[in-house]
Ligand SMILES: *Cc1c(COP(=O)(O)O)cnc(C)c1O
């Protein structure tokens, strides 16, 4: 037995499923998880001493790659000054300034500890501001594990085919109105019928949790117009796309201006951080300025703030277009390769993330994503891992490239793919 397998056996006795987040168990691809000893740049190394080129990148946060020297240094320095104060610190102001400067729709921002907290808080704020309860959510979008968002959710919920959500009272999800992603007409009809009750539309401006599904032209603009017309708030969940779709997120890339924005992943540089921000008129409704309550013992944690500042500082000067071009080239090579093998695929890409859907039809929504061949994805995952490439253990995720990946890493991906039998 490998050391990973031994650890997994012990973990299963102590931790539900042996993991602290479900998809990591690798059950959907019929594999056992690798336990990781260390990571550096574009690679991770298992406790068995095997190094893989990592296209998971902790599910998105590590856009600079693992253990980036500048990020590691500021974290180490910060540790010596104390790890939590429960009082404001200068780095909270600095990171808030960087977020406000970067993200067009954000005038003010509140730090929390995870993407889940960010979306829960943003929805509460939208409800508080509008005095309405209903929220429009799209099938296959994932907004963390908060009760109102677990209806037809993406990510692990999709991976494990969990249909409903035991433990979530029906009263909580009855206010969640589901519509297919990219279906603007369906949302328009919903507003026609119930517009006066809708507090918010929450959307991943490019969906990243049913596999990557970019918005159709006009979809985000249409949501913007409908929300404005009906007095509802438009929430962009940019926990994945923030600082990845572009430095200013998907909203900067697509030029659509949401009322509220949620952030996470990259903003913490690998430490647990989330944030929600938006127009000052709404953000001023949060306690202590307003009466919408939200708080956190460890929010604005000095280590996390330092990591976030260092990460964004390096990203500001990073060549996003260059990375995107390399990933586009990889996707083109893979498309050619699969065509030569007569394996039907559609590769969706945005900036440095992409998903290979094993299907012959374009994937524009969750129903399409589910029609892709999950069995083939499982074989693909196993094949690539055997050949030194670490991919997400789920067909409903995006592969993440980082600035630390080298030309050789991209070439290794293609080389590994070449021997995939289907
Ligand atoms: C990852 C993710 C979340 C949840 O963030 P956590 O930090 O895992 O709680 C929310 N929304 C989107 C779009 C995400 O990708």
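The values are calculated or read from the model by the stated rules, or taken from the named source; none is laboratory data. Everything numeric in this text was worked out from a predicted model, so none of it was measured. Glycine gets a Cβ as well: all are built from the backbone with ideal geometry, and neighbour counts include every protein chain shown.
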**Report entry** Residues of region 107-123 that turn out to be within 16 Å of the ligand (Cβ to nearest atom), over 18 Å from residue 61 (Cβ atoms) and touching a strand residue (DSSP E or B) at 6+ places or on another chain (Cβ under 7 Å), as a count
**Finding:** 4
Query raised in the report: If only one of 306, 398 is in contact (Cβ under 8 Å) with a residue 60 or more places away in the chain, closer than 30 Å to residue 118 by Cα and touching a strand residue (DSSP E or B) at 6+ places or on another chain (Cβ under 6 Å), which one is it?
Result: 398
Report task. May I ask you to say which residue of 233, 271, 212 is farther than 30 Å from residue 65 by Cβ and in contact (Cβ under 8 Å) with a residue 40 or more places away in the chain? Result -> 233
Requested in this report: Would you mention how many residues in region 40-54 are touching a residue at least 24 places away in the same chain (Cβ under 8 Å) and farther than 21 Å from residue 402 by Cα?
Outcome: 2
Requested in this report: Determine whether region 362-379 contains at least one residue that is within 27 Å of residue 141 (Cβ to Cβ) and touching a helix residue (DSSP H, G or I) at 6+ places or on another chain (Cβ under 6 Å).
Outcome: yes
**Report entry** Residue match in region 85-103 (condition: at pLDDT 95 or above, within 16 Å of the ligand (Cβ to nearest atom) and assigned to a loop (DSSP other than H, G, I, E, B))
**Finding:** yes
Query raised in the report: Among the numbered criteria (1) in contact (Cβ under 8 Å) with a residue 40 or more places away in the chain; (2) within 21 Å of the chain's Cα centre (by Cα), which single criterion is violated by residue 20?
Result: (1)
Query raised in the report: Does any residue of region 21-29 turn out to be loosely packed, with under 14 Cβ neighbours inside 10 Å and within 16 Å of the ligand (Cβ to nearest atom)?
Result: yes
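Do we find that residue 315 is farther than 14 Å from residue 110 by Cβ, surrounded by fewer than 21 Cβ atoms within 10 Å (Cβ to Cβ) and within 15 Å of the ligand (Cβ to nearest atom) in this structure? Explain how you work it out, then say what you get.
Details: farther than 14 Å from residue 110 by Cβ: yes; surrounded by fewer than 21 Cβ atoms within 10 Å (Cβ to Cβ): yes; within 15 Å of the ligand (Cβ to nearest atom): no.
Against the criterion (farther than 14 Å from residue 110 by Cβ, surrounded by fewer than 21 Cβ atoms within 10 Å (Cβ to Cβ) and within 15 Å of the ligand (Cβ to nearest atom)), residue 315 does not qualify.
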Query raised in the report: Within the set of pairs 6+ apart or on separate chains, which have a first residue in region 106-133 that is under 24 Å from residue 194 (Cβ atoms) and at pLDDT 95 or above, a second that is within 16 Å of the ligand (Cβ to nearest atom) and assigned to a helix (DSSP H, G or I), and C-beta atoms under 7 Å apart?
Result: 119/149; 123/148
**Report entry** Yes/no for residue 72 being within 20 Å of the chain's Cα centre (by Cα), closer than 30 Å to residue 349 by Cα, modelled with pLDDT of 95 or more and part of a helix (DSSP H, G or I)
**Finding:** no
Query raised in the report: Based on what the data block shows, is residue 307 surrounded by fewer than 17 Cβ atoms within 10 Å (Cβ to Cβ), in a helix (DSSP H, G or I) and either on the phi < 0 side of the Ramachandran plot or under 23 Å from the mean Cα position of the chain (by Cα) (or both)?
Result: no
Query raised in the report: Quick one: is residue 422 surrounded by fewer than 23 Cβ atoms within 10 Å (Cβ to Cβ), farther than 26 Å from residue 205 by Cβ and modelled with pLDDT under 95?
Result: yes
Query raised in the report: Does residue 49 qualify as being modelled with pLDDT of 95 or more and touching a strand residue (DSSP E or B) at 6+ places or on another chain (Cβ under 7 Å)?
Result: no
Requested in this report: Could you figure out which of (1) within 16 Å of the ligand (Cβ to nearest atom); (2) closer than 24 Å to residue 257 by Cβ isn't true of residue 179?
Outcome: (1)
Query raised in the report: Is at least one residue of region 332-347 under 18 Å from residue 248 (Cα atoms), in contact (Cβ under 8 Å) with a residue 24 or more places away in the chain and surrounded by fewer than 20 Cβ atoms within 10 Å (Cβ to Cβ)?
Result: no
Query raised in the report: Within region 252-297, which residues are under 25 Å from residue 222 (Cα atoms) and either within 12 Å of the ligand (Cβ to nearest atom) or under 15 Å from the mean Cα position of the chain (by Cα) (or both)?
Result: 261, 262, 263, 276
Query raised in the report: For region 116-229, list the helices (runs of 4 or more DSSP H) that sit wholly inside it and hold at least 1 residues that are more than 30 Å from residue 394 (Cα to Cα); which are they?
Result: 170-173, 184-194
Report summary line: If you go through 73, 37, the only one that is surrounded by fewer than 17 Cβ atoms within 10 Å (Cβ to Cβ), touching a residue at least 40 places away in the same chain (Cβ under 8 Å), under 27 Å from residue 301 (Cβ atoms) and more than 16 Å from the ligand (Cβ to nearest atom) is 73
**Report entry** Number of the exception - residue 243 against (1) part of a loop (DSSP other than H, G, I, E, B); (2) surrounded by fewer than 23 Cβ atoms within 10 Å (Cβ to Cβ)
**Finding:** (2)
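Filtering region 136-147 down to residues that are surrounded by 23 or more Cβ atoms within 10 Å (Cβ to Cβ) and more than 9 Å from the ligand (Cβ to nearest atom), which residue is nearest to residue 199 (Cα to Cα)?
Filtering region 136-147 for residues that are surrounded by 23 or more Cβ atoms within 10 Å (Cβ to Cβ) and more than 9 Å from the ligand (Cβ to nearest atom), the one nearest to residue 199 (Cα to Cα) comes out as 136.
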Query raised in the report: Across region 148-159, which residue is surrounded by the fewest Cβ atoms within 10 Å (Cβ to Cβ) among those that are in contact (Cβ under 8 Å) with a residue 60 or more places away in the chain and near the ligand (Cβ under 10 Å from one of its atoms)?
Result: 156
